[in-house]
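The next block holds one structure in the form of structure tokens; read it before the comments.
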Amino acid sequence: MSLAPEFWSRKTLKQMSPEEWEALCDGCGRCCLHKLEDEHTGRLYYTRVACRLLDITSCRCTDYPARRERVPDCVRLEPDTIGDASWLPGTCAYRRLAEGRPLAWWHPLVSGDPETVRRAGISVAGRVLAEEHVAPEGLDEHVIRWIRN
């Protein structure tokens, strides 16, 4: 199926087809990083530790169809549940559109080039660790500051 030009600017998230919805993912991998929440303030902190299913080179899930079965706390983004997307990075297309903001210039749907995500410094490729190299109790040692939500 061919996607209509700039479909994201003419449709709400709930009006999008499954293909359009999936096309919004820019492949940055940021949502697949482990996060820590301060129990007192509710503030979210990203770590440089990736989900075990994230290919840290391509920034794509290695088992996308079965990710929920293999990683039970994997959050499935859906148009009906995207309302509170505050846990997503501010760069995320789903969050940007849910908040009424346009897609960024580097988004592949805007630029026409999937590599602009990397060139713009948005991709986590080459910047993160695979989960198997970090003890769960050591996540706090891997908090990063280059992602803001």
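The values are calculated or read from the model by the stated rules, or taken from the named source; none is laboratory data. Everything numeric in this text was worked out from a predicted model, so none of it was measured. Cβ atoms come from the backbone with ideal geometry, glycine included; neighbour counts cover every protein chain shown.
Out of region 95-114, which residues are closer than 17 Å to residue 29 by Cα, at pLDDT 95 or above and either in contact with a Cys (Cβ under 8 Å, 6 or more places away or on another chain) or not in a helix (DSSP H, G or I) (or both)?
Selection gives 103, 104, 106, 107, 113.
I'd like the full set of residues that are within 13 Å of residue 6 (Cβ to Cβ) and free of Cβ contacts under 8 Å to residues at least 24 places away in the same chain, limited to region 96-110.
Across region 96-110, the qualifying residue is only 110.
With respect to residue 137, determine if the residue is farther than 30 Å from residue 12 by Cβ, of a type in the set (Asp, Glu) and at pLDDT below 95.
Against the criterion (farther than 30 Å from residue 12 by Cβ, of a type in the set (Asp, Glu) and at pLDDT below 95), residue 137 qualifies.
State whether one or more residues within region 120-133 are under 28 Å from residue 12 (Cα atoms) and surrounded by fewer than 17 Cβ atoms within 10 Å (Cβ to Cβ).
yes
Among the numbered criteria (1) outside any helix (DSSP H, G or I); (2) of a type in the set (D, E, K, R); (3) out of contact with any His (no Cβ under 6 Å at 6 or more places or on another chain), which one does residue 20 miss?
(1)
Find the residue count for region 65-74, including only residues that are surrounded by 13 or more Cβ atoms within 10 Å (Cβ to Cβ) and not in a helix (DSSP H, G or I).
Count: 2.
Which members of region 76-122 meet the condition of being among the charged types (D, E, K, R) and within 15 Å of the chain's Cα centre (by Cα)?
Scanning region 76-122 gives 76, 78, 84, 95, 96, 118.
How many residues are of a type in the set (A, V, I, L, M, F, W, C), in contact with a strand residue (DSSP E or B) (Cβ under 8 Å, 6 or more places away or on another chain) and either without any contact (Cβ under 8 Å) to a residue 24 or more places away in the chain or crowded, with 17+ Cβ neighbours inside 10 Å (or both) when one looks only at region 134-149?
3
Inspect all residues belonging to region 61-68 and state whether any of them is modelled with pLDDT under 95 and of a type in the set (Lys, Arg).
Within region 61-68, one or more residues are modelled with pLDDT under 95 and of a type in the set (Lys, Arg).
Which members of region 23-64 meet the condition of being in a strand (DSSP E or B) and either on the phi > 0 side of the Ramachandran plot or among the aromatic types (Phe, Trp, Tyr) (or both)?
Within region 23-64, 45, 46 qualify.
Quick test for you: out of 52, 95, 101, pick the one residue that is of a type in the set (D, E, K, R) and crowded, with 18+ Cβ neighbours inside 10 Å.
None of the others qualify; the one that does is 95.
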